[in-house]
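Data first, discussion second: the structure below is written as structure tokens.
The values are calculated or read from the model by the stated rules, or taken from the named source; none is laboratory data. None of the values given here were measured: they were computed from a predicted structure. Glycine also receives a Cβ, built like all others from the backbone with ideal geometry; neighbour counts cover every protein chain displayed. We work out accessible area using only protein heavy atoms, side chains counted, and drop any ligands, DNA or RNA first. Shrake-Rupley method; radii C 1.70, N 1.55, O 1.52, S 1.80 Å.
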Amino acid sequence: MSDQSTLDRFQHARALFRSVIAKPEPTDLYDRQSWNMAGVHTVLTESLLSVYKQAEKITRRDEAAFSFYAFITVSGVTHHHMQEEEHYLPCLEPEFKSPITDEHHNFTGPLHELE
């Protein structure tokens, strides 16, 4: 059975990202970057939520296909975080970089365990 606190965290993230992307694409470069990132994070969050919700219901017949789907989803998140850490975060000031890096490390540990 799905853990309610995990589902609540997914819902909180979805609401946060959707509140940003619900607006028209900004013309300001910095606002547009935030808008784009919220869009990417929406896709990643929805994908992870899909894996999480389906995991309990997979039949033996569908295990291989689901495993591949889950692996691709986790790989996409891992790749995205790696790109952020190598290319995006170095451009930020330390006060912005640290919370994001800390969040990535808390998040990616459990993801690597799934791989």
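Brief remarks on what is shown
- Å² per residue, accessible surface of the chain at 1.4 Å: 72
- Length released on extending from Arg61 to Arg14, taking residue separation times 0.36 nm less the Cα-Cα span: 13.8 nm
- Shown are Ile100, Ile72, whose ranking by accessible area with a 1.4 Å probe and every protein chain present, most to least, is Ile72, Ile100.
- In Å, descending, principal axis extents of the Cα set of the chain: 49, 28, 24
- Rough spin-label spacing in nm, given labels placed 7 Å along Cα→Cβ, for Asn106 and Leu7: 2.2
- Summed over qualifying helices (DSSP H, 4 residues or more, each -39500 (n - 2.57)) and divided by its residue number, the chain shows a 222 nm mean residue ellipticity of -26000 deg cm²/dmol.
- The solvent-accessible area of Val40, taken with every protein chain present and a 1.4 Å probe, is close to 60 Å².
- Computed with every protein chain present, the accessible area of Thr59 is close to 70 Å² [probe 1.4 Å].
- Taking all protein chains together and a 1.4 Å probe, the residues Met82, Met37 rank Met82, Met37 from largest to smallest accessible area.
- Within the listed set Ala70, Ala55, Ala15, the Gaussian network model of the chain (springs between alpha-carbon atoms below 10 Å) gives the highest mean-square fluctuation for Ala15.
- Extension gain, Ile72-Ser98: 0.36 nm per intervening residue step, less the Cα-Cα distance, totals 6.6 nm.
- Overall, the accessible surface of the chain at a probe of 1.4 angstrom is composed of carbon and sulfur to the extent of 60 percent.
- Angle in degrees between helix 94-114 and the longest Cα principal axis of the chain, rounded to the nearest 10: 10
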